[in-house]
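S.K.: Dumping the structure here so I can ask a few things about it.
The values are calculated or read from the model by the stated rules, or taken from the named source; none is laboratory data. In this text, all values refer to a predicted model and were calculated from it rather than measured experimentally. So basically every Cβ, Gly included, is an ideal-geometry build from the backbone, and we count neighbours across all protein chains shown. With ligands, DNA and RNA removed, areas are computed over all heavy atoms of the protein, side chains included. Shrake-Rupley method; radii C 1.70, N 1.55, O 1.52, S 1.80 Å.
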Amino acid sequence: MVQSTLVVDIVELQRRTGTRRPVRADLALSDTEVGDRSVVGGLLAVDVVVEAATEGIVVSGNVSGVSRATCRRCLDDVDEPFQIELREIFERHPTEGETWPIEDERIDLVPVVRELALLALPLAPLCRDDCTGPDTDRFPTGPAEGTDGPESDEPQRDPRWAALDALAFDDVASEVGEDHC
Ligand SMILES: [Zn+2]
């Protein structure tokens, strides 16, 4: 069952320090985008253990989902599964930016899960290691010329490069060497 809230009652847990309770949930959260980066569908699988400790309530385990961001070279969507290890502490008097609040003998895991997921979104991914940039068929860089040849995945090259191709590296190296002798 997919849910949008995840509040854990800690009354039972707090009766004895060291009591552990597994919590698993499939969440569909709103507000899981930052610019062009997002969690696909806002879907996050939570698999944690909630434990009563002397310092408060400790939540540890992992959160997983699929991130979507824009390839920094070709601008296609890049979807990547991610998993975050977490260990967070909930306290009655939380420290801003470090621990989370216990309110009415309950802890709310949604803000924690959302924050950690947003931090896990890749900043400038590549769709694949050898992505060379925009697909020339979809984003033509100039007017098509000489289209009578067979279709090719190779980008069209300026014919003037052929002159450079004709130079062999050995020739260039020996010429430089002679200049210095
Ligand atoms: Zn790409």
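S.K.: Output the residue which, of all residues in region 41-71 that are of a type in the set (G, A, S) and closer than 23 Å to P122 by Cβ, is farthest from the ligand (Cβ to nearest atom).
M.R.: The selected residue is G61.
S.K.: Under 8 Å between Cβ atoms, which residue pairs at least 6 apart in sequence (or on different chains) link something in region 22-38 that is over 9 Å from A69 (Cβ atoms) with a partner that is small (G, A, S) and loosely packed, with under 13 Cβ neighbours inside 10 Å?
M.R.: From region 22-38, the pairs are L27/S4; A28/S4; L29/S4; S30/S4.
Conditions (1) more than 16 Å from the ligand (Cβ to nearest atom); (2) surrounded by fewer than 13 Cβ atoms within 10 Å (Cβ to Cβ); (3) among the polar types (S, T, N, Q), marked per residue:
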site: T32; (1), (2), (3): yes, no, yes
site: V39; (1), (2), (3): yes, no, no
site: I84; (1), (2), (3): yes, no, no
site: F90; (1), (2), (3): yes, no, no
site: P122; (1), (2), (3): no, no, no
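S.K.: Right, D104: more than 16 Å from the ligand (Cβ to nearest atom), open to solvent by 90 Å² or more (accessible area, probe 1.4 Å) and either hydrophobic (A, V, I, L, M, F, W, C) or touching a helix residue (DSSP H, G or I) at 6+ places or on another chain (Cβ under 8 Å) (or both) or not?
M.R.: no
S.K.: Inside region 47-72, can you point out the residues that are surrounded by 16 or more Cβ atoms within 10 Å (Cβ to Cβ) and out of contact with any strand residue (DSSP E or B) (no Cβ under 6 Å at 6 or more places or on another chain)?
M.R.: A52, T70
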